[in-house]
């Protein structure tokens, strides 16, 4: 089942007017370097939960995940700012000429829209710098005459600077007579320290379950443990272990362990190795583990995979993608995946060829003004690859 039918990136990072029309359940994104494939996945993730402060942080930081210097290379606020466009190519009236719902936008406004069963119709956001003085409580206690503790906290004033992001979301309504609803939420991200918790005044919207897998996710113990928790909660452990056994028949069980004061990690019970950490296995198995354990958490939602083929040997692509497609259908997951590999394109076509699965491919190309997309349905993809041998990546 498709949760999103069409998706348009009006303004996001360096992308302009990129349209993914008539999406399928399985969507493959190809294109040259710096064509915007990863940005599409980030924009979709942000669109699906736009009023969640943590989601903004996660999307902005995704490209730094796995970097040894991730905490030093660029600040969170700088990462957030680079989600926004940095030019004035498109005035607001060119984007939504008939839309009176949103406030006037400036040249640096982020803008996304979509159609489908998911409530949000448009997501727009703007940013600005802020500076304010806040009162900070310094806890303290004194012993009273009755020998009990008495609150003796004091307050100090502190100046805080940072960026403020205002997110606007318009919700579609099934009844034509009912006007669209606009929700607005503002997030403050200080340059240093943490702000006092702000009140949540905006009504929450139903967020679409999304799991995002990037090229380094399989090397993160934190990600692996979080995904395996989803597997356990969804009672999918036995089925997922059977999938792992296709790649290593000696795997007997998988658990989360937290030895001593160490962070939780994945422990694999192996016929030959005994108990071994997941990190002791090769990149291929760890990647397959990450893909397999991500699907239960994306049930009735979206799975976003950047560099689909990474760490998987070409001889294992067909087997990997066969169960990936089957699992996505079983859990009602709409898949968006990027790839640079022609072998991966062929393997996905093979995995969908004899099934009633809606496979769509998109080739992205970007110039100085906008990003263009070329759509290929499943039959056209098969014809291009199997009959004509066309390399559709470029």
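Look through 36, 24, 31 and report the one residue that is within 30 Å of residue 380 (Cα to Cα), modelled with pLDDT of 95 or more and in contact with a strand residue (DSSP E or B) (Cβ under 7 Å, 6 or more places away or on another chain).
Working: 36 fails: modelled with pLDDT of 95 or more; 31 fails: modelled with pLDDT of 95 or more.
Unique residue meeting the criteria: 24.
Given the criteria buried (at least 16 other Cβ atoms within 10 Å of the Cβ), at pLDDT 65 or above, out of contact with any helix residue (DSSP H, G or I) (no Cβ under 9 Å at 6 or more places or on another chain) and assigned to a loop (DSSP other than H, G, I, E, B), does residue 118 qualify? Walk me through it before giving the result.
On the way: buried (at least 16 other Cβ atoms within 10 Å of the Cβ): yes; at pLDDT 65 or above: yes; out of contact with any helix residue (DSSP H, G or I) (no Cβ under 9 Å at 6 or more places or on another chain): no; assigned to a loop (DSSP other than H, G, I, E, B): yes.
Judged against the criteria, residue 118 is not a match.
Within the stretch 266-276, can you find the residues that are on the phi < 0 side of the Ramachandran plot and either free of Cβ contacts under 8 Å to residues at least 40 places away in the same chain or not assigned by TED's automatic domain parsing to the domain that holds residue 230 (or both)? Even if it seems obvious, please write down each step before you answer.
Step one: filter the stretch 266-276 for residues on the phi < 0 side of the Ramachandran plot, giving 266-273, 275-276.
Selection gives 267, 268, 269, 270, 271, 272, 273, 275, 276.
Step by step: first the residues of the stretch 346-385, then only those that are more than 24 Å from residue 39 (Cβ to Cβ) and free of Cβ contacts under 8 Å to residues at least 24 places away in the same chain, then the one that is nearest to the chain's Cα centre (by Cα). Which residue is that? Spell out the reasoning first.
Here is the first cut: in the stretch 346-385, the ones more than 24 Å from residue 39 (Cβ to Cβ) are 346-347, 349-357, 378-380, 382-385.
Among the residues that remain, those that are also free of Cβ contacts under 8 Å to residues at least 24 places away in the same chain are: 354, 356, 379-380, 383-384.
Values: 354: 29, 356: 27, 379: 29, 380: 29, 383: 32, 384: 30 Å.
Out of the qualifying residues, it is 356.
Residue 199 passes every criterion in (1) exposed (fewer than 15 other Cβ atoms within 10 Å of the Cβ); (2) modelled with pLDDT of 90 or more; (3) assigned to a loop (DSSP other than H, G, I, E, B) apart from (2).
Can you tell me which residue in the stretch 250-265 is farthest from residue 300 (Cα to Cα), limited to those that are assigned to a loop (DSSP other than H, G, I, E, B) and in contact (Cβ under 8 Å) with a residue 12 or more places away in the chain? Quick ask: steps written out before the conclusion?
Quick first cut of the stretch 250-265, residues assigned to a loop (DSSP other than H, G, I, E, B) only: 250, 258-264.
Subsequent filtering for residues that are in contact (Cβ under 8 Å) with a residue 12 or more places away in the chain retains 250, 263-264.
Details: 250: 32, 263: 30, 264: 27 Å.
Looking at the filtered set, the residue picked out is 250.
Summed over the stretch 349-360, residues that are over 15 Å from residue 383 (Cβ atoms) and touching a strand residue (DSSP E or B) at 6+ places or on another chain (Cβ under 9 Å) total 3.
So for the stretch 121-135 (the condition being modelled with pLDDT of 80 or more, at negative phi, part of a loop (DSSP other than H, G, I, E, B) and crowded, with 18+ Cβ neighbours inside 10 Å), does at least one residue qualify? The answer is no, given that none of the residues of the stretch 121-135 is modelled with pLDDT of 80 or more, at negative phi, part of a loop (DSSP other than H, G, I, E, B) and crowded, with 18+ Cβ neighbours inside 10 Å.
Restrict the check to the stretch 361-375 and report whether at least one residue is part of a loop (DSSP other than H, G, I, E, B), on the phi > 0 side of the Ramachandran plot and surrounded by fewer than 17 Cβ atoms within 10 Å (Cβ to Cβ). If you could, list the steps in order and put the result at the bottom.
Taking the stretch 361-375 and keeping what is part of a loop (DSSP other than H, G, I, E, B), we get 367-370.
After this cut, where a residue has to be on the phi > 0 side of the Ramachandran plot as well, the list is none.
Checked against the condition, which is being part of a loop (DSSP other than H, G, I, E, B), on the phi > 0 side of the Ramachandran plot and surrounded by fewer than 17 Cβ atoms within 10 Å (Cβ to Cβ), the stretch 361-375 yields no hits at all.
Flag not set for residue 61, criterion: part of a helix (DSSP H, G or I), modelled with pLDDT of 95 or more and in contact with a helix residue (DSSP H, G or I) (Cβ under 6 Å, 6 or more places away or on another chain).
Can you tell me how many residues within the stretch 283-309 are part of a loop (DSSP other than H, G, I, E, B) and either at pLDDT below 90 or within 23 Å of residue 233 (Cα to Cα) (or both)?
First pass over the stretch 283-309, keeping only residues part of a loop (DSSP other than H, G, I, E, B): 298-301, 306-309.
Then keep just the ones that are either at pLDDT below 90 or within 23 Å of residue 233 (Cα to Cα) (or both); that gives 298-301.
Adding up the residues that qualify gives 4.
The single condition among (1) out of contact with any helix residue (DSSP H, G or I) (no Cβ under 6 Å at 6 or more places or on another chain); (2) part of a loop (DSSP other than H, G, I, E, B); (3) outside the structural domain of residue 6 (by TED's automatic domain parsing) that residue 247 does not meet is (1).
The residue list 187, 247 contains one member that is surrounded by 12 or more Cβ atoms within 10 Å (Cβ to Cβ) and at pLDDT 90 or above, which is 187. Listed by position, the strands (runs of 3 or more DSSP E) inside the stretch 1-48 whose residues that are at positive phi and buried (at least 22 other Cβ atoms within 10 Å of the Cβ) number at least 1 are 26-31.
I want to confirm something. Restricting to the stretch 310-340 and keeping residues that are in contact with a helix residue (DSSP H, G or I) (Cβ under 8 Å, 6 or more places away or on another chain) and assigned to a loop (DSSP other than H, G, I, E, B), which single residue is nearest to residue 24 (Cα to Cα)? In this case the residue turns out to be 333.
The values are calculated or read from the model by the stated rules, or taken from the named source; none is laboratory data. Small disclaimer: the values here were computed from a predicted structure and weren't measured. Please note: Cβ atoms are built from the backbone with ideal geometry, for glycine as well, and neighbour counts cover all protein chains shown.
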